[in-house]
Amino acid sequence: MEKKNILVIGGKLNENLNLSKIIDSFDEIFRCNLAAVGSTNGYKFGSLAMCQHVYDRFVANPRPKNEIMNFYGSEYESDFLNDWFDFFQKHQNDFKNIFHLNEHQQSEFNKILEEHGCPFRFSKMPTTGYSLIMTSLRDLSKEKNIFVSNFTIDRKERRKSAGVTDFQTNMENSGGGCHSFSEEIEIVRWLHQNKKIDASLCFLNDTSEISVNETDEGLEISAFINDLIKNT
């Protein structure tokens, strides 16, 4: 039986590169936290993974908008947060599944990396997107091909998720916060280079015409994604 192709979508929002047709062509997709659906990153809702504090406030014990705005006000831009709250109230049931993804699996994820021969480890708690990659690698890789998109993979690029404030972005890119962006980039690069996952869609430039970032040596786009780009 042929393996299905699943796509884990990170928080990076392309402003010019429209991957909607490509993203929607996958058998299953997984988004995370305050995921932007539509625009340039697909219209298929798929499943939504949330970290503990987001799941608690939006699903398990839904809080009113004013509390959400106050709690996340320093992390997310107010217009984005306001719009996403309204979007979620309207479209919550459009997601195939919404679940809490336990983000406190650092030790287990590091064991998985060790078993695969990866020289890199998580020294801090993985972000929800990377927890999705690791749980997919652990639970789904025997039955499904794992692809990822909308993750920052270029070491020189400033990593930013949709709607996150510049202050929060700068702090996290400089090594602050509870996640390690530099380690996560090395992990996803290694997993791709060693064919554990396919991160080819992360190599594309954020331009209206699809083109590959050829300045980042050591990363090659897969034949499957190359064909998908040509035929979609």
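Values quoted throughout were computed directly from the atomic coordinates according to the rules given, and no laboratory measurement underlies them. Quick caveat: nothing in here was measured; it's all calculated off a predicted structure. Here the Cβ positions follow ideal geometry from the backbone for every residue, glycine too, while neighbour counts run over all protein chains shown.
In table form, for the structure just shown:
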{"item": "For the chain, built as a Gaussian network whose Cα springs stay under 10 Å, the top-fluctuating residue of 213, 97, 61", "result": "61"}
{"item": "Options [x] 0.97; [y] 0.94; [z] 1.07 - which one matches Rg/Rh (Cα atoms, Kirkwood Rh) as calculated here", "result": "[y]"}
{"item": "Positive-pole candidate from 223, 54, 135, dipole of the chain, charges at beta carbon", "result": "135"}
{"item": "Computed label-point distance, nm, for sites residue 39 and residue 60 using a 7 Å Cα→Cβ extension", "result": "2.9"}
{"item": "Shape category assigned to the range 1-49 from the gyration tensor of Cα positions, a/c cut at 1.5", "result": "oblate"}
{"item": "Nitroxide proxy distance, nm - points 7 Å out along Cα→Cβ at residue 208 and residue 178", "result": "4.2"}
{"item": "At R0 = 30 Å, FRET efficiency that the Cβ-Cβ distance of residue 121 and residue 143 yields, to 0.05", "result": "0.70"}
{"item": "Tilt relative to the chain, helix 78-91 - C-alpha long axis, 0 to 90 degrees, to 10", "result": "80"}
{"item": "The chain: angle of helix 128-139 to the longest principal axis, Cα-based, in degrees nearest 10", "result": "50"}
{"item": "Relative contact order of the chain, pairs being alpha-carbon contacts under 8 Å that are 6 or more residues apart, as %", "result": "25"}
{"item": "Ordering of 187-193, 151-157, 174-180 by packing [mean C-beta count within 10 Å, highest first]", "result": "187-193, 151-157, 174-180"}
{"item": "Flagged links, alpha-carbon separation over 25 Å, of 111/142; 12/195; 3/124; 96/230; 3/90; 21/96", "result": "3/124; 96/230; 3/90"}
{"item": "130, 76 arranged by Cβ crowding within 10 Å, fewest neighbours leading", "result": "76, 130"}
{"item": "Spatial separation of Cα centroids for the range 161-232 and the range 1-78, in angstrom", "result": "17"}
{"item": "20 °C / 1.002 mPa s Stokes-Einstein diffusion coefficient of the range 90-195, Kirkwood radius on C-alpha pairs, µm²/s", "result": "142"}
{"item": "Candidates 95, 122, 30: whichever shows maximal mean-square fluctuation once the chain is modelled as a Gaussian network with Cα springs under 10 Å", "result": "95"}
{"item": "159, 121 arranged by Cβ crowding within 10 Å, fewest neighbours leading", "result": "121, 159"}
{"item": "Cα gyration tensor shape of the range 134-217, rounded if a/c is under 1.5, else prolate or oblate by comparing a/b with b/c", "result": "oblate"}
{"item": "Counting DSSP beta bridges with both ends in the chain, the antiparallel % (nearest 5)", "result": "10"}
{"item": "Percent RCO, i.e. relative contact order, over the range 1-119, from Cα pairs under 8 Å lying at least 6 residues apart", "result": "23"}
